[in-house]
Amino acid sequence: MLVATTVSSGVVVLVGAVFIACAVEMVEALTIVLAVGHTRGWRSAFEGVGAGLVVLAALVGAFGPALVHVPLSTLRLIVGGVLLIFGMQWLRKAILRASGLKAKHDEDAIYAEKVAELRAAGTSPGRDRIAFVMAFKGVFLEGLEVVITVLTLGTSAHRLGLAAVVATVAVVLVGIVGVVVAKQLSNVPENAMKMVVGILLVSYGTFWTGEGLKVRWPGNDTMLVGLIAIYVVVTWLLVWMLRREAPLVQREVVA
Amino acid sequence: MKSEASLPVRLVKGFGMFWWDFLVGDTPELFIAALVIIGAIALLSERGHYNAAAVVTLPLLAVLALAFSVMRARRASRSK
């Protein structure tokens, strides 16, 4: 009974972290691709998307199997360290946004900015190189973050298959919603999702860093839930503190 | 005359830049903090009987690093 409980709590955290992180990255990639497609035509945009996916698949094919051969404690230490840094970066941004010290991520504004940028670039004869490059970069860079999230969380938890399935579901779901509602991606509560992802990634990062360094956590996997609780409280306290001070700093926006 | 770098060189450079932005970016303090955390916990966990200290210190240092980085951003916004 206890084993089932600990296994399920670890799996739930893994599924939640992978799903939300991949959905957020997909929203960002889709915003760029929609802006490119609507402004400069869909052919070059799709070619850029295709090329980005092929390069990503090649990277996964090349480095994915190699990860299996890395000793588990080394892998967990590297993964833990990367997740700790990545998670703290996400959480920091989310705290600054929630407290009004940083402008919130607005997909409508980003879409408008990209469209203006693409229109200003002018037209080129033949293949649209600008559209191709922008779609490629959008898919490749956001996709690389998805790949890193799936590989790091999946391999260290010995559930790479599950992580890949969850990531695929998240990407396909956001893709369908994005295509159906077109420019309404701003309705996705991205800032709140980023805060949740930040908390989950820092919790995982702390846990795996400890595992990689042979720290014996009380309660084993269940400690993940405790770590999440600690970071939720700390996040809430930091946001509350900064909001109290907000009139003093007049909620200035930092870049 | 400046020569154009070859494709493999540009790819390797781009890949390196991605990891630099990914891990360091505009928050070098968090990168340094992670290295300090790993070093400190490695020292504590070297000896088995320091496990309890490592269990407490690891999340505590992460919380302190996060708070320091957030306060640094707040100071930056105040000075603008």
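Working from label points 7 Å from Cα in the Cα-to-Cβ sense, the A:ARG129 to B:LYS13 distance is 1.7 nm. Spin-label pair A:ASN191-B:SER79: with each label point 7 Å from Cα along the Cα-Cβ axis, the two points sit 2.6 nm from one another. Here the extension length gained between A:GLU245 and A:ARG43 equals 67.7 nm, from 0.36 nm per residue of separation less the Cα-Cα distance.
In terms of overall dimensions, the C-alpha atoms belonging to the protein assembly as shown reach 70, 53, 53 Å along their principal axes, ordered largest to smallest. With R₀ set to 41 Å, the beta-carbon distance separating A:ALA51 from B:VAL56 gives a calculated FRET efficiency near 0.25.
Projecting each Cα onto the charge dipole of the protein assembly as shown (Lys/Arg +1, Asp/Glu -1 at the beta carbon, about the Cα centre), which of A:LEU101, A:PHE140, B:TRP20 comes out farthest on the positive side? After comparing all options, I get A:LEU101.
On the basis of the beta-carbon distance and an R0 of 25 Å, A:ALA58 and A:ALA116 show a calculated FRET efficiency of 0.15. Rounded to the nearest 20, the Cβ-based charge dipole of the protein assembly as shown about its Cα centre (Lys and Arg +1, Asp and Glu -1) stands at 600 debye. Amide H contacts for A:LYS102 (H built 1.01 Å from N in the peptide plane; partners 5 or more residues away or on another chain; cut-off under 5 Å): A:ARG97, A:VAL254.
Going by the alpha-carbon gyration tensor, a ≥ b ≥ c the square roots of its eigenvalues, is chain B rounded (a/c under 1.5) or, if a/c is not under 1.5, prolate (a/b greater than b/c) versus oblate? Oblate shape, in that a/c is at least 1.5 and b/c is the bigger or equal ratio. Extension gain for A:LEU173 to A:VAL70 (0.36 nm times residue separation, less C-alpha to C-alpha distance): 33.8 nm. Of the residues B:VAL36, B:VAL12, B:VAL70, the one that moves most in a GNM of chain B with alpha-carbon contacts below 10 Å is B:VAL12. When chains A and B come together, the accessible area they lose, probed at 1.4 Å and totalled over both chains, is close to 3400 Å². Remark: accessible surface ordering of A:VAL196, B:VAL24 (largest first) is A:VAL196, B:VAL24, probe radius 1.4 Å. Our coupling estimate for the range A:138-150, obtained by passing each phi through the Karplus curve with A = 6.51, B = -1.76, C = 1.60 and θ = phi - 60°, is x, 5, 5, 5, 5, x, 5, 5, 4, 4, 4, 4, 5 Hz, Gly and Pro reported as x. The residues of the protein assembly as shown present an accessible area of 51 Å² per residue when probed at 1.4 Å with all protein chains retained.
The values are calculated or read from the model by the stated rules, or taken from the named source; none is laboratory data. These figures come from a predicted structure and were not determined experimentally. All Cβ positions, glycine included, derive from the backbone under ideal geometry; neighbour counts span all protein chains shown. Quick note on the areas: whole protein, heavy atoms, side chains included, nothing else; ligands and nucleic acids left out. Shrake-Rupley method; radii C 1.70, N 1.55, O 1.52, S 1.80 Å.
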